[in-house]
1. Gain in length, TRP66 to ASP20, computed as 0.36 nm per residue apart minus the alpha-carbon separation, to one decimal in nm?
2. Which net charge results for the neighbourhood of LEU31, defined as the other residues with beta-carbon distances under 12 angstrom from its beta-carbon, given Lys and Arg at +1 and Asp and Glu at -1?
3. Each label point is 7 Å from the Cα along the Cα-to-Cβ direction; what then is the distance between the points at LYS48 and ASN6, in nm?
4. Give me the one-decimal Kirkwood hydrodynamic radius in Å for the chain, with the sum taken over alpha-carbon pairs.
Amino acid sequence: MTAQSNLSEREFEILRLMVDGYNYRTTAEMLFLNTHTVRKHIANIKHKLNLPSKAKAINVATKNKWI
């Protein structure tokens, strides 16, 4: 099982938008979510991938060609 497969569909969708450079507010608007919900999903992504920051999550996703 890969780290990528630990992410929910929504978390992966948010990760994809992060890689594309969207901020919290725009991501929330695009997905019809509250910005706090987006922040919680990002916190879950960082926890599941065992990473300290959003930037590292973007880096890992790009480096491993998940996106």
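1. Residue separation times 0.36 nm, minus the Cα-Cα distance, leaves 15.3 nm.
2. Numbers: positive: ARG10, ARG16, ARG25; negative: GLU9, GLU11, GLU13, GLU29.
Summing Lys and Arg as +1 and Asp and Glu as -1 gives -1.
3. Rounded to a tenth, the inter-label distance reads 0.9 nm.
4. One over the average 1/r among Cα pairs gives 11.7 Å for the chain.
Values in this text are rule-based calculations from the coordinates and carry no lab data. As the structure is a computational prediction, the values presented were derived from the model and not from experiment. Using ideal geometry, Cβ is built from the backbone for each residue, glycine included, and neighbour counts are taken over all protein chains shown.
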